[in-house]
Each structure stands twice: as C-alpha cells, then as structure tokens.
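Have a look at the structure below before the remarks.
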Amino acid sequence: MDTYQPADFWEKAHAAAPADDINLGLGIHYVGGGVALRDAAALYKLRKLNLGRVLRKKRLPTRPKIFELGSGGGFWVEFFQQFEPQKFVGSDLSLTAVQRLSAKYRYCDFVHMNPEMNPWQEVAEAGPFDLCMAIDVLYHITDDTGWNDTLLHLCRNVTAGGLLLIADYFYERLVDRPSQVHVKFRKMSQYLSILDKENFAIEEIQPIFYLLNRTITGPFRDHTRFMSPVLRFAVSNPIALKLVTRTDSIITKFARPMNPSCTTRFLLARRVS
Ligand SMILES: C[S@@+](CC[C@H](N)C(=O)[O-])C[C@H]1O[C@@H](n2cnc3c(N)ncnc32)[C@H](O)[C@@H]1O
C-alpha cells in the first residue's frame, strides 16, 4: 500500500513540474492549489489580497530578516521582496525546489529541509528573524510530532518582538485513508496552545477564502451539495471564476476571523519576549 512519504512525495511533485513554472508567479503547477493555471491564479490573488490586509494593519520592520518554510514555487519569495529584506532565507523539503529557487533568487538563501542534515541548525545560524512564516505548509506535516517540532522551530527562530505568520486550514477533518493523504488539518486551538506556551500573542486572524474555500481531498466538499456543483462549474468558466473571486475578495474583507465558512486563514502572532 502507498503511504505518504513527505520527502519523496514533494520531490516528485516538484520534479514533475516544468522548471519554468517558477516564472509563472503562481507557485508551481499542482503545488499550491488550483488544477488549472486560472484556478491557481484566483487562489493566489485572494491569498495576496488578504495578506496585504493583514500587513497593512501590522507593518513589518524596515529591512526585515525573513525566514520562509516551504517556499515551493517562490510566490512569497517574490511577494516579500517589496519589503527589501536585509536577509531572506527560504527553504523546502524538495531539493529540486531549492535548486530552482536558488538559481532564480541569487540574492536569497535557501535551505534544503532534509531531516537527515539537521536543517534547523542552518536556519538558526542565519537567524533570528523578524518574520518566520509557513504558508500552506504545516498541514502537509501529517505526523503530529513532526508538526509540533516544526512549529516550535518556527517560533524559536523569531526574534523577541518579531512575527510568526501561518496560513492553514484551521479545522479538524477526518479522512478515510489517512496513510495515503498528504494533509492533516488541525484546529486553531492546537496552534494557539503552542503559541501561548511559546509566549506569542495573536495579532491578526484573516480569512482567505469563502466560496473558494475547499480541502485538497475533494473539490468543494466544504460546501453544501447544491453549492458544490455550482462552484465546480464556476472554477471551470473564466467569467464565473472572476465573479466568484470578486465575491470572495469582498466577503473576506468583512467576514469575522473565525467565520466557520472561512476555514483557510492567515494567523499572525507576535513574540512577546
Ligand atoms: C502547498 S505548497 C506551498 C508552497 C508555498 N508556501 C506557497 O504558498 O506557494 C507546500 C510546499 O511545502 C513544501 N514542504 C512540505 N513539507 C515540508 C516540510 N516539512 N519542510 C519544508 N517544506 C515542506 C513542499 O515541497 C511544497 O513546496
């Protein structure tokens, strides 16, 4: 039986994508949501818009030091260049991803998060950071001990007064064949209890999607059986997709942070000491 072996899984996913996907500005095909490019573009548009809303309220320090876990196709590497970081350290579990990113962003550093090579030591030596982030990465760590350790590493590489940024599907969902699934969603409370122990205070929680909210395990299963086919059609039709994306951009501006229909959220926390 196939089981989820993260290093193999992600290496194969990246290696299967054409090298020049990295220039699309949409992450990597099939790695970052959205099956078609148009679909991926809509998802990244909403992520970017909602992160912009977070960062308008909580400004980053000038010339910050930034660490990103799981840089993938480099969407956020590109995005954060506007803050002129004095140092940007990206990373990935996939060596192919690290090599492609290193070739494109020569002024940044990228760490191969190969567990056998003590990668967190390398990260710590480059830190501490004003901002540590993991965007759509932590739910891919299905083993609870690995998830817990990774979150602790992220917290501990943030400088006092610095920020931790996470984007995740914050809810628990049972999956019928856990050994084969490359995601595990966890409740917000599981994150909060670790952040609390690590002396982080929550600054912002920002919903990312409403209609376009969905899990990787199936298209739009988060929605009712009436909405699901409508949304399935919408993502396959350029005009309908634009309409749905526009609707989500408005709803996520006004939705309450813990609106149950907006399970995908940015979580921004500050290290108190
Ligand atoms: C869904 S993609 C998100 C990529 C990027 N953060 C983005 O938002 O465009 C998840 C990425 O995390 C990487 N990844 C998965 N598990 C990881 C781990 N334990 N450590 C570092 N990277 C990991 C994968 O190779 C993949 O590039």
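The values are calculated or read from the model by the stated rules, or taken from the named source; none is laboratory data. Quick caveat: nothing in here was measured; it's all calculated off a predicted structure. Counting neighbours? That spans all protein chains shown, and the Cβs are built from the backbone with ideal geometry, glycine included. Surface accessibility is based on the protein's heavy atoms, side chains included, excluding ligands, DNA and RNA. Shrake-Rupley method; radii C 1.70, N 1.55, O 1.52, S 1.80 Å.
Being loosely packed, with under 15 Cβ neighbours inside 10 Å and hydrophobic (A, V, I, L, M, F, W, C), is that true of even one residue in region 19-26?
Of the residues in region 19-26, the ones loosely packed, with under 15 Cβ neighbours inside 10 Å are 19-20, 23, 25.
From the residues that got through so far, the ones that are hydrophobic (A, V, I, L, M, F, W, C) too are 19.
Yes, there is a match, as at least one residue in region 19-26 is loosely packed, with under 15 Cβ neighbours inside 10 Å and hydrophobic (A, V, I, L, M, F, W, C).
Contact map, region 1-20: residues that are more than 24 Å from Asp144 (Cβ to Cβ) paired with residues that are part of a helix (DSSP H, G or I) and small (Gly, Ala, Ser), Cβ distance under 8 Å, separation 6+ or inter-chain. Pairs shown: His14/Ala97. Of all residues in region 75-98, those that are farther than 21 Å from Ala40 by Cβ and away from the ligand (no atom under 13 Å from the Cβ) have Cβ atoms under 6 Å from Cβ atoms of residues that are part of a strand (DSSP E or B) and open to solvent by less than 10 Å² (accessible area, probe 1.4 Å), 6 or more apart or on another chain, in Pro85/Ile66; Phe88/Ile66.
Residues in region 221-241 that are open to solvent by 50 Å² or more (accessible area, probe 1.4 Å) and more than 26 Å from Ile166 (Cα to Cα): Thr224, Arg225, Phe226, Met227, Pro229, Val230, Arg232, Phe233, Ser236, Pro238, Ile239.
Of Leu152, Leu131, which residue is touching a residue at least 40 places away in the same chain (Cβ under 8 Å) and under 21 Å from Leu51 (Cβ atoms)? Spell out the reasoning first.
On the way: Leu152 fails: under 21 Å from Leu51 (Cβ atoms).
From the options Leu152, Leu131, the qualifying one is Leu131.
Just name the residue that is nearest to Glu198 (Cα to Cα) out of those in region 240-271 that are touching a strand residue (DSSP E or B) at 6+ places or on another chain (Cβ under 7 Å) and among the small types (Gly, Ala, Ser). For region 240-271, the residue satisfying everything is Ala269.
Is it true that Ala103 is more than 15 Å from the ligand (Cβ to nearest atom) and under 19 Å from Ala15 (Cβ atoms)? Answer is yes for this residue. What tally of residues in region 212-235 results from selecting those that are within 30 Å of Leu60 (Cβ to Cβ) and at pLDDT 80 or above? Final tally of qualifying residues: 2.
For region 143-189, the set of residues classified as at pLDDT below 95, part of a helix (DSSP H, G or I) and under 16 Å from Leu267 (Cα atoms) consists of Met188, Ser189, listed by residue number.
Given Ile208, Ile202, which one is open to solvent by less than 50 Å² (accessible area, probe 1.4 Å) and of a type outside the set (Phe, Trp, Tyr)? Going through Ile208, Ile202 in turn, the sole match is Ile208. Of the residues making up region 137-174, those that are closer than 20 Å to Phe9 by Cα and within 10 Å of the ligand (Cβ to nearest atom) are Val137, Leu138, Tyr139, His140, Ile141, Thr142, Asp143, Gly146, Trp147, Thr150.
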